[in-house]
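The values are calculated or read from the model by the stated rules, or taken from the named source; none is laboratory data. Computed from a prediction, not measured in an experiment: that's the story for all the values here. Cβ atoms come from the backbone with ideal geometry, glycine included; neighbour counts cover every protein chain shown. What goes into the accessible areas is simple: the full protein's heavy atoms, side chains included, and nothing from ligands, DNA or RNA. Shrake-Rupley method; radii C 1.70, N 1.55, O 1.52, S 1.80 Å.
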Amino acid sequence: MGVSALQVREMDPDLDDNYQERVNAWLVSCFGDEAAYDRLDRTHRFLEEALELAQAGGCTRDDAIALLNYVFTRPVGDVAHETGGVMVTLAGMAHAHNVDMNAAGEAELDRNHRRTSAIREKRSRKPPNSPLPQ
């Protein structure tokens, strides 16, 4: 069984209370530096979660495909700029669905700490060089 986010902070009092840093610390402890800093893999995992959120919010497969086709006809954006756009639209979506996005993020990080072994096992079944999680 993994440890909670609170236990991680207690074990490392120098760990910044910054959510992004705590997520990274969990990624490194779960997968190691190579996977935690694999930009393409982090991008694929983000896209998977974003699609699951869109589906949960009512987006259809056809809507998702139409948006995919639209996005890929446009010039490639800047990661920092697009991250800001994601943060703004996520906050707006969370508000529209009456979700406290900060509480949801903390709950998911805590859940991940408790199921680190299961997450590692799932990752071990991931096809090499594939965007698919398993």
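In whole Hz, with x marking every Gly and Pro, tabulate ³J(HN,Hα) for the stretch 36-50 from phi via Karplus 6.51 cos²θ - 1.76 cosθ + 1.60, θ = phi - 60°.
Each residue of the stretch 36-50 in turn: 5, 9, 6, 4, 5, 5, 4, 5, 4, 5, 4, 4, 4, 5, 4 Hz.
Taking 0.36 nm per residue of separation and subtracting the Cα-Cα distance, what length does fully extending GLU106 through SER29 add?
So the extension gain works out to 26.0 nm.
Expressed in nm², what is the orientationally averaged projection area of the convex hull enclosing the Cα positions of the stretch 35-106?
Answer in nm², one decimal: 5.7.
DSSP loop (so not H, G, I, E, B), at most 16 other Cβ within 10 Å: list which chymotrypsin sites (Phe, Trp or Tyr not before Pro) in the stretch 45-85 pass both filters. Walk me through the intermediate numbers first.
Values: sites: PHE46, TYR70, PHE72; in loops: PHE72.
Sites meeting the loop and neighbour criteria: PHE72.
Over the chain, give the accessible area per residue in Å² for a 1.4 Å probe, as an integer.
Dividing the accessible area of the chain by its residue count gives 76 Å².
Using amide H atoms built 1.01 Å from N in the peptide plane, name the residues 5+ places from ARG115, or on other chains, whose amide H lies under 5 Å from its own.
Under 5 Å from the amide H of ARG115 lie the amide H atoms of GLY2, each far enough along the sequence or on another chain.
Sort out for me the Cα centre separation of the stretch 120-134 from the stretch 18-97, rounded to whole Å.
With the stretch 120-134 and the stretch 18-97 each reduced to a Cα centre, they are spaced 18 Å.
Given 0.36 nm per residue, what is the gain on full extension from HIS95 to ASP38 after removing their alpha carbon distance, in nm?
Length gained between HIS95 and ASP38: 17.4 nm.
Based on the alpha-carbon set only, what is the convex hull volume of the chain divided per residue, in Å³?
About 137 Å³ per residue, rounded to a whole number.
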